[in-house]
Amino acid sequence: MLDLSRKFDVLVIGGGNAALCAAISAKRLGADVLVLEGAPKFYRGGNTRHTRNMRCAHDAATEILTGPYTEDEFFEDLLRVTEGNTDQELARLMIRESKDILTWIVEQGVRWQPSLGGTLSLGRTNSFFLGGGRAMLNALYRTAEALGVEILYDAEVVDLDIKDGMFLSATFKQDHGRASAKAATLVAAAGGFEANIEWLKESWGEAADNFLIRGTPYNRGSVLKMLLGKGVQEIGDPTQCHAVAIDARAPKFDGGIITRHDSVVFGIVVNKNAERFYDEGEDIWPKRYAIWGRLVAAQPGQIAYIIFDASVRNSFMPTLFPPIEGGTIGELAPKLELDPAALEKTIASFNAAVRPGTFDHTILDDCRTEGLTPPKSHWARKIETPPFLAYPVRPGITFTYLGTRVNKQARLLMTDGRPSVNMFAAGEIMAGNVLGKGYAAGMGMTIGSVFGRIAGREAARHATS
Amino acid sequence: MPRAKILAEADRLMTVCNSCRYCEGLCAVFPAMEMRRAFSDGDLNYLANLCHACGACYADCQFSPPHEFNVNVPRTLAIARNNSWRAYAWPQAFAGLFARNGVAISIIAALSVAIFIFGFAALTDHEVLVGVHTGPGAFYALMPHNAMAALFGAAFLYAILACVMGMRAFWRDIGAPAGMTTDTASLWQAAKDACTLRYLDGGGVGCFNEDDQPTDRRRIDHHFTFYGFLLCFAATSVATLYHYLLAREAPYPWWDLPVVLGTLGGIALVIGPIGLLLAKSQRDPVLVDSARSGMDVAFILMLLLTSVTGLALLLLRDTAVMGPLLALHLGVVFALFITLPYGKFVHGLYRFVALVRYALERRAMAPGAATE
């Protein structure tokens with residue numbers, strides 16, 4: 001039985017990539033570390049369970065990366081996807097540190113592999129975890145345990161004792177009662193609030209009821225809320241998040257990667273009025289993948305339908321849920337609860353607007369529509385080969401960006417602008433510092449590993465000095 | 001014919017896995033799966049036999065139980081694999097042996113030992129059975145060499161025939177192209193993959209056994225077992241050549257090739273099976289086809305009995321227990337031979353065939369092949 005009367009050097013709240021990197025980095029500097037994971041053991045690690053890669057800068061190709069990805073290129077990508085909504089100093093720091101993470105994380109037991117089948121476009125920039133995110137997480141837990149990090153599961157933190165920006169202790173659920181842990185420093189790495197529908201409703205309204213949550217139901221943001229309530233500075237827009245279009249038939253929580261759809265560029269997307277609402281061929285798919293969650297969230301009923309035909313049904317990754325089929329558009333529409341006449345009209349006008357071109361989904365090709373609003377700028381081909389197929393999609397929320405403000409030491413900043421004496425944060429709980437909006441694949445894990453490692457190091461230094 | 005329940009489940013899982021693909025670096029099963037978008041029964045039997053049951057994909061899966069997607073690839077494929085062996089068994093009348101295998105092996109072993117002992121007693125006098133025999137030809141005081149060779153040769157040939165018929169059925173079931181089995185590059189690749197147990201390493205960390213700490217113990221114990229078995233087989237082969245080509249009769253001195261090979265093989269065949277039996281008893285039941293673990297145990301046990309009786313015979317061959325020990329050893333070996341096509345032994349054959357198929361597919365998909 002763990003002795004909770006002693007005072008730990010570092011208390012880490014959370015159990016994902018950021019939390020474990022913090023715990024390991026602190027432990028390696030000689031700190032006495034306790035990790036409180038709110039989820040049961042199987043669901044440990046929050047969204048890390050569902051990840052598959054990390055975006056790290058590197059100056060040369062490696063065994064698993066096909067070419068260099070410089071700090072500058074990474075920075076430009078970040079500026080582009082966030083439209084400048086980033087703390088440039090922290091972003092630069094993160095990108096610089098990400099280079100070293102490529103080898104540091106391997107020293108913690110994580111193994112890389114070349115990009116997975118169907119993800120060739122990420123082969124140069126993103127390093128994939130052998131066996132996926134849960135394998136990565138398992139490796140970090142094995143390393144942490146071997147080093148002697150204390151870990152408690154089902155240990156949801158319900159209160160934080162913070163005085164004048166100084167952390168004193170945390171109260172958490174244990175068995176059927178409550179317990180308290182004292183520590184010289186705190187690393188908050190407990191994720192965002194995406195699974196807290198009530199909180200989402202505060203800024204999204206009733207629409208949030210129709211959101212599906214891609215990760216576990218344990219990412220409720222309670223630690224974030226406590227910190228913000230005790231004088232920690234807030235950063236980010238509460239409506240900003242990583243959200244993709246996922247199958248409407250997916251479970252409410254934890255459907256993970258397999259409910260996503262990659263087929264948008266191969267067809268058209270209509271809302272419940274059977275009307276198109278956005279250019280499906282705007283840009284190369286991986287770059288635009290993460291805008292469709294928000295787009296669908298803005299549609300009536302938060303539902304949309306990807307419509308395509310038999311000629312492209314094998315052009316993208318196989319899906320968990322099979323497409324809904326109809327021999328004619330008129331036969332397909334009622335299965336989607338769409339007005340057949342409206343859908344026929346939308347598809348007829350789309351087909352009429354398609355210009356001839358040479359289809360190539362790997363480049364911005366010349367297959368486009370003319371005189372159509374909104375246009376389909378690339379990969380536009382007529383939808384005319386039966387059977388006609390459809391996937392219903394809803395917004396799938398991966399993680400929220402609203403978070404706690406930190407400085408370059410991953411130290412929390414208080415509302416008066418001063419850094420906290422002994423509180424640090426890493427991972428999605430502070431992602432908003434770097435990600436004001438938008439997303440580029442693998443960045444969540446970069447934020448987690450880089451700031452986790454920094455937070456653990458700084459916390460250990462503070463606690464043991 | 002309605003699809004077997006377990007194949008329907010395997011189909012469901014492969015659909016889940018094919019939309020995820022996180023495990024593609026762990027072994028051959030997932031890359032083979034990615035070459036398909038739909039899965040026939042033959043495809044699933046192929047994947048089931050390609051699976052080395054390392055358990056890594058279960059430990060790494062974010063959708064394994066208690067998740068509602070309930071993804072348990074190792075156990076599902078283990079059950080499908082065992083079913084498939086039953087379907088391939090030749091002749092089909094003996095297929096039932098798969099289901100009741102543990103018991104069947106014991107009965108057959110016991111019967112054959114008894115037949116040997118009674119056979120000797122009937123053919124020779126009592127003195128021969130319990131007497132002390134030494135020097136060249138001593139073993140054949142109990143049973144003439146030619147009788148022994150004929151009996152075991154026949155049992156062995158039968159085992160080969162039945163195994164080949166099973167492999168043929170498997171090759172057909174998985175829809176492999178006819179005549180391509182002579183592709184030497186694929187055969188060589190499969191041989192390397194099989195001999196190193198390339199896919200029994202959880203993608204590099206080792207097998208998952210009793211908990212979430214991977215180890216390489218199972219692979220090492222399997223190596224002891226497999227190479228021990230090969231050494232023993234080599235010992236017997238060399239001895240047979242000695243007998244017929246050099247007219248040198250067993251028993252041989254301890255330093256002679258058949259004894260050296262047999263002793264080393266015998267020791268390995270004690271260490272390996274004990275390790276495998278231990279691993280089996282400790283293995284997390286969620287990963288295996290518990291209903292049929294008796295089949296595995298019976299085969300490993302027979303290998304262990306073969307080595308133990310063989311080593312005992314070597315140590316005690318100059319004493320009066322040589323007769324009964326020889327009878328026992330021969331009985332065990334005979335039983336092992338004739339049950340080979342109906343027990344766990346076939347896993348190696350079908351897995352090798354699956355690896356050949358996989359190597360062929362990889363070569364077909366290699367540079368220039370269309371990608372999605």
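Rule-based calculations on the coordinates, nothing more; no lab input. Quick caveat: nothing in here was measured; it's all calculated off a predicted structure. Here the Cβ is made from the backbone with ideal geometry for all residues, glycine too, and neighbour counts use every protein chain on show.
Under 5 Å between amide hydrogens, which residues at least 5 positions from A:Trp112 or on another chain qualify, with H placed 1.01 Å from N in the peptide plane?
A:Leu130
Measure nothing fancy, just the Cα-based angle from helix B:145-173's long axis to the longest principal axis of chain B, in degrees from 0 to 90, nearest 10.
With rounding to tens, the tilt is 10 degrees.
Going by how many other Cβ atoms sit within 10 Å of their own, how do A:Asp3, B:Asp296 line up, fewest first? Don't skip to the answer; put the middle values down first.
On the way: A:Asp3 6, B:Asp296 21.
Ordered by Cβ neighbours within 10 Å, fewest first: A:Asp3, B:Asp296.
So how strong a dipole does chain A carry about its Cα centre when Lys and Arg Cβ are +1 and Asp and Glu Cβ are -1, to the nearest 20 debye?
Dipole magnitude for chain A comes out near 880 debye.
Give me the inter-chain shielding for B:64-72: mean count of other chain Cβ atoms within 10 Å, whole number please.
3
When the helices in the protein assembly as shown are scored as -39500 (n - 2.57) per DSSP H run of 4 or longer and the sum is shared across all residues, what 222 nm value do you end up with, to the nearest 500 deg cm²/dmol?
-14000 deg cm²/dmol
Just to compare against my own numbers: the Cα pair-distance distribution for the protein assembly as shown, 10 Å bins, whole % per bin, please.
Percent of pairs per bin, in order: 2, 12, 19, 19, 17, 13, 9, 6, 3, 1, 0.
Looking at B:Ala4, A:Val244, A:Ser349, which one has the Cα that reaches farthest to the positive end of the dipole of the protein assembly as shown (charges on Cβ: Lys, Arg +1; Asp, Glu -1)?
B:Ala4
What do you get for the angle between helix B:73-88 and the principal long axis of chain B? Use alpha-carbon atoms, 0 to 90 degrees, nearest ten.
Tilt relative to chain B: about 60 degrees.
Between B:Cys163, B:Cys232, B:Cys20, which gets the highest mean-square fluctuation from a Gaussian network model of chain B, Cα cutoff 10 Å?
B:Cys20
Loop only per DSSP, at most 14 neighbouring Cβ atoms within 10 Å: give me the GluC sites (Glu not before Pro) in region B:1-101, ordered by residue number.
Counting only loop positions with at most 14 other Cβ atoms within 10 Å, the GluC sites (Glu not before Pro) in region B:1-101 are B:Glu68.
Can you pull out the GluC sites (Glu not before Pro) in region A:360-465 whose DSSP state is coil and whose Cβ has at most 11 other Cβ atoms within 10 Å?
Numbers: sites: A:Glu370, A:Glu384, A:Glu428, A:Glu458; in loops: A:Glu370, A:Glu384.
Those that pass, being in a loop and sparsely packed, are A:Glu370.
Output the peptides B:316-323, A:50-57 sorted from most to least packed, where packing is the average of other Cβ atoms within 10 Å over each peptide's residues.
Result, highest mean first: A:50-57, B:316-323.
In degrees, nearest 10, range 0 to 90: what is the angle between the Cα axis of helix B:293-315 and the longest Cα principal axis of chain B?
The two axes meet at around 30 degrees.
In the neighborhood of B:Gly203, defined by Cβ-to-Cβ distances under 11 Å, what is the net charge if each Lys or Arg adds +1 and each Asp or Glu adds -1?
-1
Extending each Cα 7 Å along its Cβ direction at B:Arg3 and B:Ala366, get the distance between those two points in nm, one decimal.
3.3 nm
For region B:5-87, what does the alpha-carbon gyration tensor say about shape, rounded, prolate or oblate, given a ≥ b ≥ c as the root eigenvalues, a/c under 1.5 as rounded, and a/b over b/c as prolate?
Here region B:5-87 falls in the rounded category.
Can you find, among B:Leu200, B:Ala169, B:Thr306, the residue sitting farthest towards the positive end of the charge dipole of chain B, where Lys and Arg contribute +1 and Asp and Glu -1 at Cβ?
Farthest towards the positive end: B:Ala169.
Based on the alpha-carbon gyration tensor of region B:153-292 and its eigenvalue square roots a ≥ b ≥ c, which shape applies: rounded if a/c is under 1.5, prolate if not and a/b is larger than b/c, or oblate?
oblate
Would you mind checking which residues have amide H under 5 Å from A:Ser420's amide H? H placed 1.01 Å from N; only 5 or more apart, or other chain.
The list, which skips near neighbours in sequence, is A:Leu412, A:Leu413, A:Met414.
Please give the net charge around A:Ala333, taking every other residue with its beta carbon less than 15 angstrom from that of A:Ala333, where Lys and Arg add +1 and Asp and Glu add -1.
Net charge around A:Ala333: -3.
How long are the semi-axes of the equivalent ellipsoid of chain A, taking √(5λ) for every eigenvalue λ of the Cα gyration tensor, in whole Å from largest down?
Working: eigenvalues 359, 105, 72 Å².
Semi-axis lengths for chain A are 42, 23, 19 Å.
Report the charge-dipole magnitude of region B:92-348 in Debye, nearest 20, computed about the Cα centre from +1 at each Lys and Arg Cβ and -1 at each Asp and Glu Cβ.
So the dipole magnitude of region B:92-348 works out to roughly 340 debye.
Within 10 Å of each Cβ of B:24-32, how many other protein chain Cβ atoms are there on average? Don't skip to the answer; put the middle values down first.
Numbers: counts 9, 12, 5, 0, 0, 0, 2, 1, 0.
Mean partner-chain Cβ count within 10 Å for B:24-32: 3.
For region B:92-348, divide the Cα radius of gyration by the Kirkwood radius and give the resulting Rg/Rh value with two decimals. Could the numbers behind the result be given before it?
Numbers: Rg = 19.9 Å, Rh = 20.1 Å.
Ratio value, two decimals: 0.99.
How large is the dipole of region A:208-254 about the Cα centre if only Lys and Arg carry +1 and Asp and Glu carry -1, each at its Cβ, rounded to the nearest 20 debye?
Numbers: 6 positive and 5 negative charges, 36 e Å.
Using Cβ point charges on Lys, Arg, Asp and Glu, region A:208-254 gives about 180 debye.
Rounded to the nearest 5, what % of DSSP beta bridges with both residues in chain A are antiparallel?
Approximately 70 percent, going by the DSSP bridge assignments.
If packing is taken as the average count of other Cβ atoms within 10 Å, what order do A:177-189, B:268-280 fall into, highest mean first?
Order by mean packing, descending: A:177-189, B:268-280.
Please compare each pair in A:Lys345/A:Lys382; A:Lys382/A:Lys437; A:Lys287/A:Lys437 to a cut-off of 22 Å on the Cα-Cα distance and tell me which ones are over it. The partial results should precede the final answer.
On the way: A:Lys345/A:Lys382 13 Å; A:Lys382/A:Lys437 34 Å; A:Lys287/A:Lys437 14 Å.
Over 22 Å Cα-Cα: A:Lys382/A:Lys437.
Please give the average number of partner chain Cβ atoms lying within 10 Å of the Cβ of each residue in B:199-208, rounded to a whole number.
2
Starting from the alpha-carbon convex hull of region A:1-73, give the projected area averaged over all orientations, in nm².
For the Cα atoms of region A:1-73, the hull's average projected area reads 7.5 nm².
What share of Cα pairs, in percent, lie more than 22 angstrom apart in region A:243-396?
Above the 22 Å cut-off, region A:243-396 has 34 percent of its Cα pairs.
What distance in nm separates the two pseudo spin-label positions at A:Asp72 and A:Lys163, each 7 Å out from Cα along the beta-carbon direction?
5.2 nm
Taking region A:286-339, which trypsin sites (Lys or Arg not before Pro) meet the DSSP loop condition and have no more than 12 other C-beta atoms within 10 Å?
For trypsin sites (Lys or Arg not before Pro) across region A:286-339 that sit outside H, G, I, E and B with at most 12 neighbouring Cβ atoms in 10 Å, the list is empty.
State the antiparallel share, in %, of DSSP beta bridges confined to the protein assembly as shown, rounding to the nearest 5. All intermediate terms of the calculation are to be shown ahead of the outcome.
Details: 48 of 67 bridges.
Rounded to the nearest five, the antiparallel share is 70 percent.
Just to confirm my numbers, what's the Cα centroid distance between region A:161-212 and region A:365-424 in Å?
Each part reduced to its Cα centre gives a spacing of 24 Å.
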